[in-house]
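What follows is a set of notes on a single structure, which appears directly below.
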Amino acid sequence: MKRQVILVGHDFGGACISHAMEMFPSKVAKAVFLCATMVTNGHSALDIFQQQMDTNGMLQKAQELVYSNGKDRPPTAINIDRASVRDLLFNQSPAKDVSLASVSMRPIPFAPVMEKLTLTEGNYGSVRRFFVETTEDNAIPLSLQQSMCVTNPPEKVLRLKGSDHAPFFSRPQALHKTLVEIATLPRAQAS
C-alpha cells in the first residue's frame, strides 16, 4: 500500500513544502498553504515578500536584519523587532500564547528565503494544493494572500475569519476543523 502524507506549510514554510512537492510528488497526497508563501516556478519566497514590503509598512518597520558574517557582508537572517511582534503576527491571539511565542522565536535564515525554486507541472503541479486565508493577518495581508492564489490557483481556498498570522493561536478550533475538512476531501471525479 502506497502511503502518502499531507504537508502543511506556514509563512516561509510554503516554499519548503513546494520544494518537497517537486522532489517527492508521489509521497504527497495534499499540500496546505496556511497563510504561506505559494511561489511559482523560478521565484523565491523573498519575491513574494518583496511585493508585501511595497504594501505593508508595518512589516518594513518591524524587520531587523542580522549580519552574522559582519556588517560589511550581506545580511544572513531577518529578525522581528520584539516590540512589533504582537501587532504584526499575533494581533488576534491570546496574551499567554503571544508570550510563549515571543520567547520561542528565532531569526529566519536568508538563504532558503532567497532560493528561486524550479517547480514543474509534472511534479509540483500534480499535487493537490489548498490555501487557507487568514483575514486579520498583518504579516501577509489578505490582499497578498489572494494575489498568490490568483497567480498560482490552488484546488480550493478556505478562509479563517478573524485569524491573525498565527491561526494555531488565534483560531485553533477553526483551524482544526479546516485541516480536517481538507484531509477528508475526496479527489474530484473526472468528467
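Taking the chain as the region of interest, the number of lysine pairs whose Cα atoms are within less than 19 Å, with members eight or more places apart or on different chains, is 6. Element breakdown for region 5-184 at a 1.4 angstrom probe: carbon and sulfur atoms account for 56% of the accessible area. For region 84-186, the spread of Cα positions along the three principal axes, ordered from largest to smallest, is 44, 34, 23 Å. Label positions at VAL180 and ASN69, each projected 7 Å from the Cα along the C-beta direction, are separated by 4.8 nm. Between 0 and 90 degrees, the angle of helix 142-151 with respect to the longest Cα principal axis of the chain falls at about 40 degrees. Sites listed here are trypsin sites (Lys or Arg not before Pro) in region 91-191 whose DSSP assignment is loop and whose Cβ has at most 15 other Cβ atoms within 10 Å: LYS116, LYS161, ARG187. A value for P(r) over Cα pairs in 10 Å bins from 0, in percent was derived from the coordinates, and within the list (i) 7, 19, 29, 29, 12, 3, 1, 0; (ii) 9, 34, 36, 17, 3, 0; (iii) 10, 31, 23, 16, 11, 6, 3, 1, 0 it appears as (ii).
Length available on full extension from VAL103 to ASP87: 0.36 nm per residue minus the Cα-Cα distance, which gives 4.2 nm.
Calculated accessible area for region 2-74 comes out at 53 Å² per residue, all protein chains present (probe 1.4 Å; ligands, DNA, RNA ignored).
For the peptides 66-75, 19-28, 5-14, what is the packing order when you average, over each peptide's residues, the other Cβ atoms within 10 Å and list the highest mean first?
Numbers: 66-75: 10.3, 19-28: 16.9, 5-14: 19.6.
Highest mean packing first, the order is 5-14, 19-28, 66-75.
Against the chain, whose longest principal axis comes from its Cα atoms, helix 45-55 is set at around 60 degrees. Full extension of the chain between SER126 and ASN79 gives 13.5 nm of extra length, using 0.36 nm per residue less the Cα-Cα distance. Relative to the dominant Cα principal axis of the chain, helix 13-23 is inclined by about 40°.
Residues considered: ALA111, ALA101, ALA62. Largest GNM mean-square fluctuation over the chain, using C-alpha springs under 10 Å, is found at ALA111.
The values are calculated or read from the model by the stated rules, or taken from the named source; none is laboratory data. These numbers were taken from a predicted model, which means no experiment stands behind them. Glycine also receives a Cβ, built like all others from the backbone with ideal geometry; neighbour counts cover every protein chain displayed. With ligands, DNA and RNA removed, areas are computed over all heavy atoms of the protein, side chains included. Shrake-Rupley method; radii C 1.70, N 1.55, O 1.52, S 1.80 Å.
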